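*Asks:* This is the structure, below, for whatever I ask next.
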Amino acid sequence: MPTLPPRLQLAALALMAECLHLGWEALHGGIATHHLLQSADLPGLSNAWGLLVLPALAAWAAGRLPRRPATLRSAWPFALGLGLPLLLGAALSLAFAFEQQALTEALFFGALLLALLLPAHRAESLFGFVLGMSWTFGALLPTLIGGVIASASWLVRGAARFIWQFVRPA
């Protein structure tokens, strides 16, 4: 029996996890909807969007996996790029769920600052961040927030590389 490529394996795993999450939500009061900026006047985003968003992000992130058989040296950048944002997203979700406003703000702005120093614009980082936050906020809202953070990371790091070209010693 042929095996699926890693890209599809990770996407299938994300899809199964999201199906379990949405099944649990459906059995415990219905699938949640979150409003932009926590305002009921703004559009609501259903957690059901995770059925599309999480597998797509997983497949995109899996494209960054090393093509050769993974050694510890070749796999650690991917694992670190996925793991740190996953932990940060989960911590942000926990702080929000336990109504720790000051901690939530500190974690968010800390994530933004950290994204300016580290390559948070990579696919595995966005996937990890969204995965860590999806159990509280669904997948779409964290994708939007993570997209802003990733864009800031890409812009600042690109500008720094551009400036470095002109000021580095010859």
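The values are calculated or read from the model by the stated rules, or taken from the named source; none is laboratory data. Quick caveat, the model's predicted, so the values are computed rather than measured. Reconstructed Cβ throughout: ideal geometry from the backbone, glycine too, with neighbour counts over all protein chains shown.
*Asks:* Filter the range 1-23 for residues that are surrounded by 11 or more Cβ atoms within 10 Å (Cβ to Cβ) and either at pLDDT below 90 or within 16 Å of ALA123 (Cα to Cα) (or both) and give the result.
*Replies:* First, the residues of the range 1-23 that are surrounded by 11 or more Cβ atoms within 10 Å (Cβ to Cβ): 5-19, 21-23.
Once the filter is applied, which keeps residues that are surrounded by 11 or more Cβ atoms within 10 Å (Cβ to Cβ) and either at pLDDT below 90 or within 16 Å of ALA123 (Cα to Cα) (or both), the range 1-23 yields PRO5, PRO6, ARG7, LEU8, GLN9, LEU10, ALA11, ALA14.
*Asks:* Which members of the range 81-113 meet the condition of being under 14 Å from THR136 (Cα atoms) and of a type in the set (A, V, I, L, M, F, W, C)?
*Replies:* LEU86, LEU87, LEU88, ALA90, ALA91, LEU92, LEU94, ALA95, PHE96, ALA97, PHE98 - these are the residues of the range 81-113 that are under 14 Å from THR136 (Cα atoms) and of a type in the set (A, V, I, L, M, F, W, C).
*Asks:* Return a yes/no flag: does the range 49-68 have any residue that is modelled with pLDDT under 95, in a helix (DSSP H, G or I) and farther than 25 Å from ALA12 by Cα.
*Replies:* No, there is no match, as no residue in the range 49-68 is modelled with pLDDT under 95, in a helix (DSSP H, G or I) and farther than 25 Å from ALA12 by Cα.
*Asks:* Determine whether SER93 is modelled with pLDDT of 85 or more and over 17 Å from PHE129 (Cβ atoms). Can you show your working first?
*Replies:* Working: modelled with pLDDT of 85 or more: yes; over 17 Å from PHE129 (Cβ atoms): no.
So SER93 does not fit the description; no.
*Asks:* From the list LEU87, LEU131, which residue is in contact with a Leu (Cβ under 9 Å, 6 or more places away or on another chain) and under 25 Å from SER46 (Cα atoms)?
*Replies:* Answer to the selection: LEU131.
*Asks:* For the condition assigned to a helix (DSSP H, G or I), modelled with pLDDT of 90 or more and on the phi < 0 side of the Ramachandran plot, what is the one hit in PHE78, PHE129, PHE166? Spell out how you get there, then give the answer.
*Replies:* Numbers: PHE78 fails: modelled with pLDDT of 90 or more; PHE166 fails: modelled with pLDDT of 90 or more.
Answer to the selection: PHE129.
*Asks:* A further question follows. Suppose we filter the range 88-104 for residues that are surrounded by 13 or more Cβ atoms within 10 Å (Cβ to Cβ) and assigned to a helix (DSSP H, G or I); how many remain? Before the answer, list the steps.
*Replies:* As a first pass, look at the range 88-104 and keep what is surrounded by 13 or more Cβ atoms within 10 Å (Cβ to Cβ): 88-96, 100, 103-104.
Those still in the list that are assigned to a helix (DSSP H, G or I) too: 88-96, 103-104.
Residues that pass the stated criteria total 11.
*Asks:* Oh, and also: If you scan the range 38-47, which residues turn out to be outside any loop (DSSP other than H, G, I, E, B) and without any contact (Cβ under 8 Å) to a residue 40 or more places away in the chain?
*Replies:* Kept after step one, since they are outside any loop (DSSP other than H, G, I, E, B), are these residues of the range 38-47: 38, 44-47.
Those that are outside any loop (DSSP other than H, G, I, E, B) and without any contact (Cβ under 8 Å) to a residue 40 or more places away in the chain: GLN38, GLY44.
*Asks:* Of everything in the range 98-149 that's acidic (Asp, Glu) and over 18 Å from LEU82 (Cβ atoms), which residue is farthest from the chain's Cα centre (by Cα)?
*Replies:* Looking only at the range 98-149, we keep the residues that are acidic (Asp, Glu), and these are 99, 105, 124.
Within this subset, residues satisfying the condition of being over 18 Å from LEU82 (Cβ atoms) are 99, 105.
Details: GLU99: 21, GLU105: 18 Å.
Going through the qualifying residues, I end up with GLU99.
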